[in-house]
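Rule-based calculations on the coordinates, nothing more; no lab input. Not measured: the values here are computed from a predicted model. Note: ideal-geometry Cβ built from the backbone for every residue, glycine included; neighbour counts use all protein chains shown.
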Amino acid sequence: MFFHQQKLQYNATPEAPDAVYARKLQEVIGGQYGEITVAMQYSFQAWNAHIPGKYRDLLFGTAAEEFGHIEMLATMIAQLLEKAPLGITDDAVQSDPAVAAVIGGTDLQHAIVAGAGARPVDSMGNPWSGSYVTASGNLLADMTANVNAEMQGRTQVARLYHMTDDHGIRDMLSFLLARDTMHQNQWMAAVREIQEDGLEQLPVPSNFPQSKEATGYSYDYYNFSDGAAAAEGSWASGPTPDGNGTFGYRPEPMAGVPMPPPTHPDARFYGTTAQPNIVEKAAGAVQDKLKKE
């Protein structure tokens, strides 16, 4: 059950309107690593969790917090758009608000679609997509994905911080940066604790028998580039993080195997094949008559 309390987690009031910056903020609402993504990602990970307890509770609690971050950003965007001019061009261009908005860098749909409000889109107007969400049911895989999400999100907020001198915006962003710091650390701690608790190990999924994989290829780095410096990394020699092997370095890729011949699909896929067109046409007619599906 969700319950909404009409309070913000932190201040979200700019000093002055700025339609161009409102568009920039849309990235951390509806972009791949924006607040909608992490709110939905942590929610679905919790819903897909197979065990009760601290990890599921951590996911639910952080998901709820992230929904509050969406609200803060949407509130900030609405205020940035309030009384904001559509452009900063001369009178000739300003006489056409649509042209002024394009030249000024504002998002036309903030005005046309949302009536001077935020939208579930990124900074280029691309709609938020559920395909951004990672929720596999494997806690170690999911928590590791969460570390990346928070790292990418904090990087974007840090860049946005330097794109404005507005103290109100910077104050809100400083709060979001701090929470991203916490979330990076909590997910890293969870990754470690899941392994310490014996719930999951590397390589993920650890309950799939490694004996069923081609183990001769499991721990060798094959250099597919003409750069040789990769040999200097810890991934080229020494024990592997999963504790199950030793890294090796191969300066060249494996020899490879012959390419299979081109495929010849059902004639009713109408692909161009090595067979004459008349033959493919006849084959399709025969398959239809025989009701071959």
Would you please name the chymotrypsin sites (Phe, Trp or Tyr not before Pro) within region 1-44 that are DSSP coil residues with at most 15 other C-beta atoms within 10 Å of their C-beta? Phe2, Phe3, Tyr10
Interchain or sequence-distant (5+) residues whose placed amide H lies within less than 5 Å of the amide H of Tyr221 are Gly248, Tyr249, Arg250
Excluding residues fewer than 8 places away in the same chain, name every one of the lysines whose C-alpha is closer than 24 Å to that of Lys291. Lys281
What is the extension gain from Phe269 to Met1, computed as 0.36 nm multiplied by their sequence separation minus the C-alpha to C-alpha distance, in nm to one decimal? 91.6 nm
May I ask you to order 51-57, 168-174 by the average number of other C-beta atoms within 10 Å around their residues, highest value first? 168-174, 51-57
Check: the chain dipole with +1 on Lys, Arg Cβ and -1 on Asp, Glu Cβ, in debye: 900
Cut-off under 5 Å, modelled amide H: who pairs with Val121 long-range: Gly30, Trp128
Just to confirm my numbers, what's the Cα centroid distance between region 138-188 and region 25-53 in Å? 13
What translational diffusion coefficient, in µm²/s and rounded to a whole number, does the Stokes-Einstein relation yield for the chain at 25 °C and a viscosity of 0.890 mPa s, taking the hydrodynamic radius as the Kirkwood radius over Cα pairs? 103
If a/c stays under 1.5 just call it rounded; otherwise compare a/b with b/c (prolate if a/b is bigger, oblate if not). Do that for region 183-281, with a ≥ b ≥ c from the square roots of the Cα gyration tensor eigenvalues. prolate
Positive end of the charge dipole of region 190-289 (Lys, Arg +1 and Asp, Glu -1 on Cβ, about the Cα centre): tell me which of Ile194, Val286, Gly245 has its Cα farthest that way. Val286
How big is region 131-224 in terms of Cα radius of gyration and Dmax, in angstroms? 18.4, 58
Pseudo-spin-label distance Ser129 to Tyr161, built 7 Å along Cα→Cβ, given in nm, is 3.0
